[in-house]
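Just below is one structure, and these are the notes that go with it.
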Amino acid sequence: MLDFKVDQQLLEVVETDAKNFILTTVDEVFNWAKLSSVWPVTFGLACCAIEMMATSATRYDIDRFGAGAFRATPRQADLMIVSGTVTAKMATRLKLIYDQMPEPKWVIAMGSCAIGGGPYFKYGYHVVKGVDFMVPVDVYVPGCPPRPEVLLDGLMRLQDKIRGRKGRFIAPKWVTDYAKLIPYRK
C-alpha cells in the first residue's frame, strides 16, 4: 500500500495533467474494443436477407460500424442476424449455429417473420412464431422487409447495449400504425 505522501503526489499529477489520463475500468475498455469489431454470421432465409445484403453494399456501408466482415462460420462470429422466416425444421439448425458461436454473442432478429412469424403467424403450422423461442434476441428490427437504414439503427442499438447502456428497440409510431392496418383472417 502506498503511503499518504506518494498518494498526494500522484493525485497532484493527475489533477494537473488530467487531459493526459483516461480513467476507466477494464470492462469498459473491452466493451469499447467490441464496438468496432462486431463480426456477423448471416442466417438469411427470405426477402429480409436481400435487404441485409444491400446494407453491406457501398450505398449504406455497414463497414463504418465495424460489422462489414461477414463470417462464413459461426465459430468466428459474435453476432447472428436472423433475417427471414424460420421454419420448424430450420429452428434446430438455428440453435446449433447459435451454440457454436463463442461468447460474448448477440442476436438481431430482422423482419416480421423472424420476430413473430410474419404473415404465416396464424395459419402457418410450419413457422416458428419468433426466433426468441429458440435463441435469446438482443435487438428486434421491425419491418417486412426492413429497410437497410433500420438494420443500421438496430446495429447502433446493439452497440449501445454492448457499451453498457440498457434498452430495447422501440418501433417508431408509423410502424405500429401500419401494423394495425394489416388484415388478419379469423
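Quick look at the numbers
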read-out	value
Given (1) in contact with a Phe, Trp or Tyr (Cβ under 8 Å, 6 or more places away or on another chain); (2) surrounded by fewer than 19 Cβ atoms within 10 Å (Cβ to Cβ); (3) part of a helix (DSSP H, G or I), index of the condition Asp132 fails	(1)
Test set (1) in a loop (DSSP other than H, G, I, E, B); (2) touching a residue at least 60 places away in the same chain (Cβ under 8 Å); (3) more than 23 Å from Asp160 (Cβ to Cβ); (4) not aromatic (Phe, Trp, Tyr) - Gly124 fails condition number	(2)
Leading residue by the ranking (modelled with the lowest pLDDT) among those in the stretch 157-174 that are of a type outside the set (Phe, Trp, Tyr) and not in a loop (DSSP other than H, G, I, E, B)	Lys173
Qualifying residues in the stretch 144-156 (those that are under 17 Å from Phe43 (Cβ atoms) and not in a helix (DSSP H, G or I)) - the one modelled with the lowest pLDDT	Pro145
Any hit, the stretch 106-113, residues being among the polar types (S, T, N, Q), surrounded by 22 or more Cβ atoms within 10 Å (Cβ to Cβ) and either touching a residue at least 12 places away in the same chain (Cβ under 8 Å) or farther than 21 Å from Ser56 by Cβ (or both)	yes
Where Tyr60 falls short, out of the listed (1) over 16 Å from Gly130 (Cα atoms); (2) outside any loop (DSSP other than H, G, I, E, B); (3) among the aromatic types (Phe, Trp, Tyr)	(2)
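The values are calculated or read from the model by the stated rules, or taken from the named source; none is laboratory data. Quick caveat: nothing in here was measured; it's all calculated off a predicted structure. We place every Cβ from the backbone using ideal geometry, glycine too, and count neighbours over all the protein chains shown.
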